[in-house]
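The values are calculated or read from the model by the stated rules, or taken from the named source; none is laboratory data. Everything quoted here is computed from the prediction, not taken from an experiment. Positions of Cβ are generated from backbone atoms using ideal geometry, with glycine treated the same way; all protein chains shown enter the neighbour counts.
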Amino acid sequence: MIECKNIVKTYQTGETQMNALKGVSFTIRDGEFVAIMGPSGSGKSTLMHMIGCLDTPTLGTYALDGHDVSKLSDNELADIRNQKIGFVFQAFNLLARASVLRNVELPLVYAGIDPSLRKKQAESALVSAAFPEKFWNYTPNQLSGGMMQRVAIARALVNNPSLILADEPTGNLDTKTGEIVLDTFQRLHMEESRTIVLITHEPYVAEHAERIIHIRDGEIVSDEKVKNRRIVTNHNHAQ
């Protein structure tokens, strides 16, 4: 699914060159749930931008789903983002005045999908994200943080992407609410075989994945399976 080979990312600021990534290589298989972990300034955000096709490497290659995306133009990258990647961010990025259903439909509006199909796909994504139907016509300001994040997850799922990329998805949530969101990711991974890459600086969040890639100073310092994986057993989704 994801193949990174010797990825280098250099930023030029005035006279100085900064190497944010220094020859990073790893692969992620279809259907894996992987956490990328590191302190701030480690290069994990830069790496997320590469994986999410928001940026291209200075050197090295990145293939997503067998397509080399390291050399694509901005427009081609935008197409790949729209078709293959579902993003979930720390800030939920929902439209305040639109209903839950409408928020989830939005990517399909941009993709020019027929209105009758849009509603069906949005409803199906909300069911996948375990979002209760009785709240589908609510607006985001009527929802808790955990519910807003589940709307964001449904929106990420609506295009049926190859990859879900979650950047600090529990960063704005308390522990209990964060668990509900992590439970949603685990279920999507276990029951629907979704490929999920989770970016976090919290060890406890990373331990919900199957595998953790640690990055420090632009280099991978370890890449190993989670030994005592945290499996969320609390299926109380109505929070």
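For the structure I just gave you, tell me whether residue 82 is outside any loop (DSSP other than H, G, I, E, B) and modelled with pLDDT under 90. Answer is yes for this residue.
To keep it simple, each residue is scored yes or no on (1) at pLDDT 90 or above; (2) in contact with a helix residue (DSSP H, G or I) (Cβ under 8 Å, 6 or more places away or on another chain); (3) surrounded by fewer than 14 Cβ atoms within 10 Å (Cβ to Cβ).
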site	(1), (2), (3)
86	yes, yes, no
95	yes, yes, yes
110	no, yes, yes
113	no, yes, no
121	yes, yes, no
148	yes, yes, no
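For the residues 54, 47, the requirement of being within 21 Å of residue 203 (Cβ to Cβ), touching a residue at least 24 places away in the same chain (Cβ under 8 Å) and not in a strand (DSSP E or B) singles out 47. Among the residues making up region 139-150, those that are farther than 23 Å from residue 117 by Cα and either assigned to a loop (DSSP other than H, G, I, E, B) or touching a strand residue (DSSP E or B) at 6+ places or on another chain (Cβ under 6 Å) (or both) are 143, 144.
Yes/no per residue for (1) in contact (Cβ under 8 Å) with a residue 12 or more places away in the chain; (2) in contact with a His (Cβ under 7 Å, 6 or more places away or on another chain); (3) among the acidic types (Asp, Glu):
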position	(1), (2), (3)
39	yes, yes, no
43	yes, no, no
60	yes, no, no
63	yes, no, no
66	no, no, no
76	no, no, yes
80	yes, no, no
86	yes, no, no
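Just so you know, in region 28-44 the residues that are surrounded by fewer than 16 Cβ atoms within 10 Å (Cβ to Cβ) and small (Gly, Ala, Ser) include one that is nearest to the chain's Cα centre (by Cα), and it is 31.
Let's see how each residue does on (1) among the aromatic types (Phe, Trp, Tyr); (2) in a helix (DSSP H, G or I); (3) closer than 19 Å to residue 87 by Cβ:
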{"site": "113", "(1), (2), (3)": "no, no, yes"}
{"site": "152", "(1), (2), (3)": "no, yes, yes"}
{"site": "155", "(1), (2), (3)": "no, yes, yes"}
{"site": "161", "(1), (2), (3)": "no, no, yes"}
{"site": "164", "(1), (2), (3)": "no, no, yes"}
{"site": "178", "(1), (2), (3)": "no, yes, yes"}
{"site": "181", "(1), (2), (3)": "no, yes, yes"}
{"site": "186", "(1), (2), (3)": "no, yes, yes"}
{"site": "204", "(1), (2), (3)": "yes, yes, no"}
